[in-house]
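Novice: Quick one: this structure, given as structure tokens, is what I'll be asking you about.
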Amino acid sequence: MLVTNAWSIRWRLTAWYIAALSVILLIFGGLMCAMMSRQMRQRIDTELAEEAKELAEEIGFLHSIEEIRAVFKRRYSDHGSFSFQISRADGSVVCGNAWLRAHTLPTPSSRNNAAIASLRDVSLAKLGLHRLFGRTIQGPAEPLIIHVLVPYAQFQREFFEFAKNLIVAGGVALLVACAGGLLIARRALKPLERIISAAERISAENLTMSIEVKNPRDELGRLATTLNDTFKRLRDSVSRMQRFTADAAHELRTPLTVLRTRLEVAVRLPVDEEHLRNSFPIALEQTEKLTTLIDQLLILSRHDAGLSKSLFDEVYLKPLLEDVVEMLRTAATVKGVSLEMYEIPNCVVCGDDILLSRLFFNLIDNAIKYTPAGGLVRLTGFCGDQHLRMMISDTGVGIATDHLPKVFDRFYRIDHSRNGPMGGAGLGLAICQSIVETHQGEISVASIVNEGTTFTVVLPLLADAVTIIDAYREVPHAQSRHSNATQLS
């Protein structure tokens, strides 16, 4: 098995082809030999019966034992490969070939002197295997038994010659099959070699190439199509990774540059105490930005590596949301924004309470940031169809239609109203999306400029909800963008 697995596909296909052909030839050869043996036996039996019939007919015209012996000596004492013997019912030999007198031949069964013929194989000492035909006939004065024998040696030679020719023909057929199998395997695998050659030329620096697909309906065409799709996904992933790396480097450079400038000024130039006191808050602010950015990048990298689901447990959403709302109530009050939480069902989901807290914290915090004073941020939710649906709505500036498809992209920041002192690194909504996907849920956004935005989070329930809230009403004529992690039932 180890040697077979080390062979190339071409040789393995040829080996299986030869093995299958060998089995077919063995079965065919066995059937041919069996048919040949049967036909030879039938031919022997037919010839023996004809010889015995001829002898019986001649005896029927004779009137004495002396006439029988005379005719036998004249015509049957030397009759090719056939041997004859005529005997009485008591076993005494009337006439026959001389070499048979030393052997006792079995007599056929008889009933009321009716003629009964029998065929059997007999092994005679030093003479080998013979085929014996025995028959009881009515002689001139009493019943007589005639025996006709023929040796198997001649027929065995014919059979062995037939078998030898069959083996030689089978061997030649196998050799031709081996050459033909290699040729067929080579032609069949030639497209695969072309696919391998094209795939080897594709690298991280050359992902724009694709494999030519001549027949998309056969197996090799489907393989080439699958590889092209894989390379396309890889190309998209590399592009996203390169863009992500460039954006991350850009976001890290700004606070680091500020910190470096402040430290260089403090080290190289003589500065007074007041200048240092003013520089420290700036350095602290940039350090906090770096910490937040690194923390966000860590969350996204853990999601990309598939490590976010290791601490999942039962999570009750109502107390979790109440804690998040209380943390952000002060920020909403300071800005003059009303933060209202309608009756929230105490549903249970399977997840990470820390990640879920961050999810709703980011969404509510964004809603507060981009809602002007006097506005409203509202939380509503209900359970149904084994899913929890939570809506975070605001009456803020809204999001333009052309920005909606990109709001969950990493490092994407909307111009004008959402890109300024309040704007972060553009990772908050990307983190929200990754958290929802980790929990096998769905997040979507609907917004109308200058009227408000609604983020909807759908999570699968671990247990039936205890309350159903009917307070939710969708924003009319809203544009939406969905990010599906699983298809909801």
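Novice: Among the residues that make up region 85-93, is at least one of them closer than 22 Å to Pro151 by Cα, in a helix (DSSP H, G or I) and polar (S, T, N, Q)?
Specialist: Pass one, region 85-93, residues closer than 22 Å to Pro151 by Cα: 85-87, 93.
Those still in the list that are in a helix (DSSP H, G or I) too: none.
No: region 85-93 contains no residue that is closer than 22 Å to Pro151 by Cα, in a helix (DSSP H, G or I) and polar (S, T, N, Q).
Novice: Tally time: how many residues in region 66-106 are in contact with a Lys or Arg (Cβ under 9 Å, 6 or more places away or on another chain) and not aliphatic (A, V, I, L, M)? Give the steps one after another, and end with the answer.
Specialist: Restricting attention to region 66-106, the residues satisfying the condition of being in contact with a Lys or Arg (Cβ under 9 Å, 6 or more places away or on another chain) are 85-86, 93-95, 106.
Next, from what is left, pick out any that are not aliphatic (A, V, I, L, M): 85, 95, 106.
Adding up the residues that qualify gives 3.
Novice: Go through region 66-99 and give me each residue that's in contact (Cβ under 8 Å) with a residue 60 or more places away in the chain and either open to solvent by less than 20 Å² (accessible area, probe 1.4 Å) or among the small types (Gly, Ala, Ser) (or both).
Specialist: Within region 66-99, Ile68, Ser81, Ser83, Phe84, Gln85, Ile86, Ser87 qualify.
Novice: So, Pro372, is that one modelled with pLDDT of 50 or more and either more than 30 Å from Ile294 (Cβ to Cβ) or under 36 Å from the mean Cα position of the chain (by Cα) (or both) or not? Don't jump to the end; show me each part of the working.
Specialist: Working: modelled with pLDDT of 50 or more: yes; either more than 30 Å from Ile294 (Cβ to Cβ) or under 36 Å from the mean Cα position of the chain (by Cα) (or both): yes.
So Pro372 passes the test.
For (1) open to solvent by less than 50 Å² (accessible area, probe 1.4 Å); (2) in contact (Cβ under 8 Å) with a residue 12 or more places away in the chain; (3) touching a strand residue (DSSP E or B) at 6+ places or on another chain (Cβ under 8 Å); (4) not hydrophobic (A, V, I, L, M, F, W, C), each residue gets a yes or a no:
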position: Gly180; (1), (2), (3), (4): yes, no, no, yes
position: Ile195; (1), (2), (3), (4): yes, yes, no, no
position: Glu200; (1), (2), (3), (4): no, no, no, yes
position: Glu212; (1), (2), (3), (4): no, yes, no, yes
position: Pro216; (1), (2), (3), (4): no, no, no, yes
position: Leu223; (1), (2), (3), (4): no, yes, no, no
position: Asn228; (1), (2), (3), (4): yes, yes, no, yes
position: Phe231; (1), (2), (3), (4): yes, yes, no, no
position: Arg235; (1), (2), (3), (4): no, yes, no, yes
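Novice: Same structure, new question: For region 339-357, which residues satisfy the criterion of being open to solvent by less than 60 Å² (accessible area, probe 1.4 Å) and of a type in the set (Ser, Thr, Tyr)?
Specialist: Ser357, the sole residue that qualifies.
Novice: Please work out which one of (1) closer than 30 Å to Leu192 by Cα; (2) of a type in the set (D, E, K, R); (3) surrounded by 15 or more Cβ atoms within 10 Å (Cβ to Cβ) is the condition Arg41 fails and give its number.
Specialist: Condition (1) is where Arg41 drops out.
Novice: Within region 100-110, does at least one residue satisfy the condition of being within 17 Å of Ile137 (Cα to Cα), over 60 Å from the mean Cα position of the chain (by Cα) and open to solvent by less than 20 Å² (accessible area, probe 1.4 Å)? First the steps, then the outcome.
Specialist: Pass one, region 100-110, residues within 17 Å of Ile137 (Cα to Cα): 105-110.
Still in the running and over 60 Å from the mean Cα position of the chain (by Cα): 105-110.
Next cut, open to solvent by less than 20 Å² (accessible area, probe 1.4 Å) only: 105, 108.
Yes: region 100-110 contains one or more residues that are within 17 Å of Ile137 (Cα to Cα), over 60 Å from the mean Cα position of the chain (by Cα) and open to solvent by less than 20 Å² (accessible area, probe 1.4 Å).
Novice: Follow-up. What is the residue count in region 51-87 for residues that are under 19 Å from Gly134 (Cβ atoms) and of a type in the set (Lys, Arg)? Break it down into steps so the answer makes sense when it comes.
Specialist: Initially, region 51-87 is screened for residues under 19 Å from Gly134 (Cβ atoms), giving 51-60, 68, 72, 76, 79, 81-87.
Cutting the leftovers down to of a type in the set (Lys, Arg) gives us 53.
Total satisfying the criteria: 1.
Novice: Enumerate the pairs (first residue in region 437-449 and closer than 23 Å to Asp352 by Cα and touching a residue at least 60 places away in the same chain (Cβ under 8 Å); second residue anywhere and assigned to a loop (DSSP other than H, G, I, E, B) and open to solvent by 10 Å² or more (accessible area, probe 1.4 Å)) with beta-carbon separation below 6 Å, excluding pairs fewer than 6 apart on the same chain, so at least 6 apart or on different chains.
Specialist: Every condition considered, the pairs that remain are Glu437/Ala485; Thr438/Ser308; Thr438/Lys309.
Novice: Given Val458, Val407, Val466, Val475, which one is at pLDDT 85 or above and either farther than 17 Å from Leu356 by Cβ or not hydroxyl-bearing (Ser, Thr, Tyr) (or both)? Lay out the reasoning, then the answer.
Specialist: On the way: Val407 fails: at pLDDT 85 or above; Val466 fails: at pLDDT 85 or above; Val475 fails: at pLDDT 85 or above.
Among Val458, Val407, Val466, Val475, only Val458 is at pLDDT 85 or above and either farther than 17 Å from Leu356 by Cβ or not hydroxyl-bearing (Ser, Thr, Tyr) (or both).
Novice: Tell me the residue from Ala153, Ala179 that is within 28 Å of Met35 (Cβ to Cβ) and within 60 Å of the chain's Cα centre (by Cα), please.
Specialist: Values: Ala179 fails: within 28 Å of Met35 (Cβ to Cβ).
Exactly one of Ala153, Ala179 is within 28 Å of Met35 (Cβ to Cβ) and within 60 Å of the chain's Cα centre (by Cα), namely Ala153.
Novice: Residue under question is Val148, and the condition is that it be modelled with pLDDT of 85 or more and closer than 30 Å to Trp11 by Cα; does it hold? Can you show your working first?
Specialist: Details: modelled with pLDDT of 85 or more: yes; closer than 30 Å to Trp11 by Cα: no.
No: the conditions fail for Val148.
Novice: What single numbered condition from (1) of a type in the set (Ser, Thr, Tyr); (2) part of a loop (DSSP other than H, G, I, E, B); (3) open to solvent by less than 50 Å² (accessible area, probe 1.4 Å) fails to hold for Ser22?
Specialist: Just one mismatch for Ser22, condition (2).
The values are calculated or read from the model by the stated rules, or taken from the named source; none is laboratory data. Keep in mind that this is a model prediction, so the values were computed, not measured. Heads up, the Cβs are rebuilt from the backbone with ideal geometry, glycines too, and the neighbour counts pull from every protein chain shown. Side chains are part of the model used for accessible areas, which takes the heavy atoms of the whole protein and leaves out ligands, DNA and RNA. Shrake-Rupley method; radii C 1.70, N 1.55, O 1.52, S 1.80 Å.
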